[in-house]
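What follows is a set of notes on a single structure, which appears directly below.
The values are calculated or read from the model by the stated rules, or taken from the named source; none is laboratory data. The model shown is predicted, which means the values in this text are computed figures rather than measured ones. When we count neighbours, we look across all protein chains shown, and the Cβ atoms used for this are built from the backbone with ideal geometry, even at glycine. The accessibility values were calculated without ligands, DNA or RNA, using every heavy atom of the protein model including side chains. Shrake-Rupley method; radii C 1.70, N 1.55, O 1.52, S 1.80 Å.
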Amino acid sequence: MTDLEHRASRIVDQRPGVVHDRLLELAARLRDELPPVEPGTQAASALGTSGRLAVEIVDRGPGRIELRTVEGRIRGEGSADLAPTADGRTSVTVAIEIQPQGFAANLVLGVALKTMPHLERRLVDGLEANMDSLAVELAKPDGEWDPASWQPVPLPDR
């Protein structure tokens with residue numbers, strides 16, 4: 001099976017409860033602002049779906065938030081695990097996994113990775129850059145926090 005997965009961790013200079021609430025706000029923003037998959041595009045063919053991508057957000061309590069796409073032949077799952085540090089900050093570990101659903105989807109993802117040899121590296125580099133940016137954003141004092149102001153770092157070109 002051709003799964004793509006990556007984990008990244010950062011220490012955020014903010015209390016765990018604040019980080020948890022802010023991550024839930026950003027997850028809702030991601031779900032609500034995700035652009036639709038246009039019919040007939042390469043993305044629609046690979047994912048096996050078009051239109052608004054259904055994203056499910058699951059709050060597992062103060063230590064874990066999960067996101068997942070729930071339709072299509074290639075699905076994404078993400079999680080954020082939160083833990084307090086001894087000095088009152090928060091350890092945040094984000095895991096991302098792209099999962100093909102069945103033989104045909106596995107074949108499609110495998111071909112995509114072979115025809116775009118730097119895709120996996122771009123995804124990993126993008127996640128790491130976004131974790132750096134996110135750690136800074138999550139650490140902002142209450143008066144400076146605005147969930148609408150954070151913009152994800154684009155994937156690097158290669």
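Odds and ends about this structure:
- Expressed as a whole percent, the accessible surface of segment 1-121 that belongs to carbon and sulfur atoms is 56, based on a 1.4 Å probe.
- The stretch between residue 144 and residue 11, if pulled fully straight at 0.36 nm per residue, gains 46.0 nm over its current Cα-Cα span.
- Rounded to the nearest 20 debye, the dipole size of the chain about its Cα centre is 420 debye, using +1 on the Cβ of Lys and Arg and -1 on the Cβ of Asp and Glu.
- 0 to 90° range, to nearest 10: angle between helix 119-138 axis and the chain longest Cα axis: 20 degrees
- Per residue, the chain exposes 56 Å² of solvent-accessible protein surface, assessed with a 1.4 angstrom probe and all protein chains in place.
- Each of 76, 96, 48 was placed along the dipole of the chain (beta-carbon charges, centred on the mean Cα), and the one lying farthest toward the positive end is 48.
- Only one of (1) 30, 16, 15; (2) 23, 19, 14; (3) 50, 21, 16 was calculated from the structure for semi-axes √(5λ) of the Cα gyration tensor in Å, and its label is (1).
- Among 74-84, 60-70, sorting by the average number of other beta carbon atoms lying within 10 angstrom of each residue, highest first, gives 74-84, 60-70.
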